Amino acid sequence: MAEASPNIQLALMLALETGQRQGDLTRLKWLDIEGGILHLQQSKTSAVVAVPISRALQAHLDAAPGEHRGPILRAETGQLWTNPGAALRSGWRHVRRRAGIKGVTFHDLRGTFVTRKLSEGWSPTEVAMCTGHTLRNLASLDVYADRKVIARRTAERLAVRQMSS
């Protein structure tokens, strides 16, 4: 985040806090947010999802410059991107290079969302409702989830619960 411009920081927070694909993030509009929930229909699967907006994401949304209407993600100047997909890919490449990150794609941030939410105690169904995975095939979340992180966080939560009982 330290290497990203504010507009790319917002894109990264949207990815990390909603688990949405890059193409769907570039199409998000301020009207898609209502009552602390981000509503959208995903372009790849046509899945309709509703994702609660975390405090961290809300802080980034509140700090976004300009009028909060039209597309959420914009150029650093606040102007509309002429080619949002290319602009976001370019911004991500720049951040990765400056931060020395190798072997991580923007799509990997979707996996980070899944891993974080499962390790925070969200049910697979709750995660799937946000990512657009079908309830018939919750096993597809395994592709994204880092089991070691989830196991460690689960153990930490259980230890806290055990200490308080």
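The values are calculated or read from the model by the stated rules, or taken from the named source; none is laboratory data. Quantities reported herein were computed from a predicted structural model and do not represent experimental measurements. Every residue, glycine as well, gets a Cβ built from its backbone with ideal geometry; the counts of neighbours run over all protein chains shown. Heavy atoms of the whole protein, side chains included, go into the accessibility calculation; ligands, DNA and RNA do not. Shrake-Rupley method; radii C 1.70, N 1.55, O 1.52, S 1.80 Å.
Give the residue from LEU16, VAL95, LEU40 lying farthest towards the positive end of the charge dipole for the range 1-114; charges sit on Cβ (+1 for Lys and Arg, -1 for Asp and Glu) and the dipole is referred to the Cα centre.
VAL95
Treating only the Cβ of Lys, Arg, Asp and Glu as charged (+1, +1, -1, -1), what charge dipole size does the chain show about its Cα centre? Round to the nearest 20 debye. Walk me through the intermediate numbers first.
Numbers: 23 positive and 14 negative charges, 114 e Å.
Dipole about the Cα centre, nearest 20: 540 debye.
Can you check what the net charge comes to around ILE53, using other residues whose Cβ is under 11 Å from the Cβ of ILE53 (Lys, Arg +1; Asp, Glu -1)?
Working: positive: ARG55; negative: GLU17, ASP32, GLU34, ASP62.
Within the 11 Å Cβ shell, the charges total -3.
Can you work out the Karplus-derived ³J(HN,Hα) for every residue in the range 71-79? Use 6.51 cos²θ - 1.76 cosθ + 1.60 with θ = phi - 60°, whole Hz, and x for glycine or proline.
Taking θ as phi minus 60°, the curve returns x, 6, 8, 9, 5, 4, 6, x, 6 Hz for the range 71-79.
Compute the projected area of the convex hull of the Cα atoms of the range 40-101, averaged over all viewing directions, and report it in nm² to one decimal place. List each step's numbers first, then the result.
On the way: hull surface 23.6 nm².
It is 5.9 nm².
Given HIS68, THR115, THR125, which one lies farthest toward the positive end of the charge dipole of the chain, if we put +1 on the Cβ of every Lys and Arg and -1 on the Cβ of every Asp and Glu?
Towards the positive end, the residue furthest out is THR115.
For LYS44, which lysines qualify as cross-link partners when the Cα separation must be under 28 Å and same-chain residues fewer than eight apart are set aside?
Hits, sequence-local ones excluded: LYS29, LYS102, LYS117.
Counting other C-beta atoms within 10 Å, and keeping those with at most 13, which DSSP coil trypsin sites (Lys or Arg not before Pro) do you find in the range 1-83?
Working: sites: ARG21, ARG27, LYS29, LYS44, ARG55, ARG69, ARG74; in loops: ARG21, LYS44, ARG69, ARG74.
In loop regions of the range 1-83 (DSSP not H, G, I, E or B), the sparsely surrounded trypsin sites (Lys or Arg not before Pro) are LYS44, ARG69.
GluC sites (Glu not before Pro) within the range 65-165: which are DSSP loop residues with at most 15 other Cβ atoms inside 10 Å?
Numbers: sites: GLU67, GLU76, GLU120, GLU126, GLU156; in loops: GLU67, GLU76, GLU120.
Passing sites in the range 65-165 are GLU67, GLU76, GLU120.
Check cross-link reach from LYS148 to the aspartates and glutamates: straight Cα distance under 14 Å, and skip same-chain residues fewer than eight apart.
Reachable aspartates and glutamates: GLU120, GLU156.
Can you list residues from other chains, or at least 5 along the same chain, whose modelled amide H is less than 5 Å from the amide H of LEU38?
So LEU38 has HN proximity to VAL51, ILE53.
Write down the accessible area per residue of the range 16-163 in Å², having rolled a 1.4 Å probe over the full set of protein chains. Spell out each step's value before the answer.
On the way: 8970 Å² over 148 residues.
Dividing the accessible area of the range 16-163 by its residue count gives 61 Å².
For the range 72-125, what class follows from the C-alpha gyration tensor (a ≥ b ≥ c being the square roots of its eigenvalues): rounded when a/c is under 1.5, otherwise prolate if a/b is larger than b/c, else oblate?
On the way: a/c = 3.05, a/b = 1.67, b/c = 1.82.
Oblate, since a/c reaches 1.5 and b/c is not below a/b.
So how tilted is helix 108-119 from the main axis of the chain? Cα-based, degrees 0 to 90, rounded to 10.
Relative to the chain, helix 108-119 is tipped by roughly 30 degrees.
At 0.36 nm per residue, minus the direct Cα-Cα distance, what do SER46 and LEU138 gain on full extension? Give it in nm, one decimal, please. The partial results should precede the final answer.
On the way: separation 92, 0.36 × 92 = 33.12 nm, distance 1.73 nm.
The span from SER46 to LEU138 would gain 31.4 nm if fully extended.
Keeping the other protein chains in place, figure out the carbon and sulfur percent of the accessible area of the range 85-135, with a 1.4 Å probe. Write out the running numbers ahead of the final one.
On the way: 1400 of 2560 Å².
Roughly 55 percent, rounded to a whole number.
What is the range 7-47 by shape, rounded, prolate or oblate, if you read a ≥ b ≥ c off the alpha carbon gyration tensor as root eigenvalues and call it rounded for a/c under 1.5, prolate for a/b larger than b/c, and oblate otherwise?
Note, shape of the range 7-47 comes out oblate.
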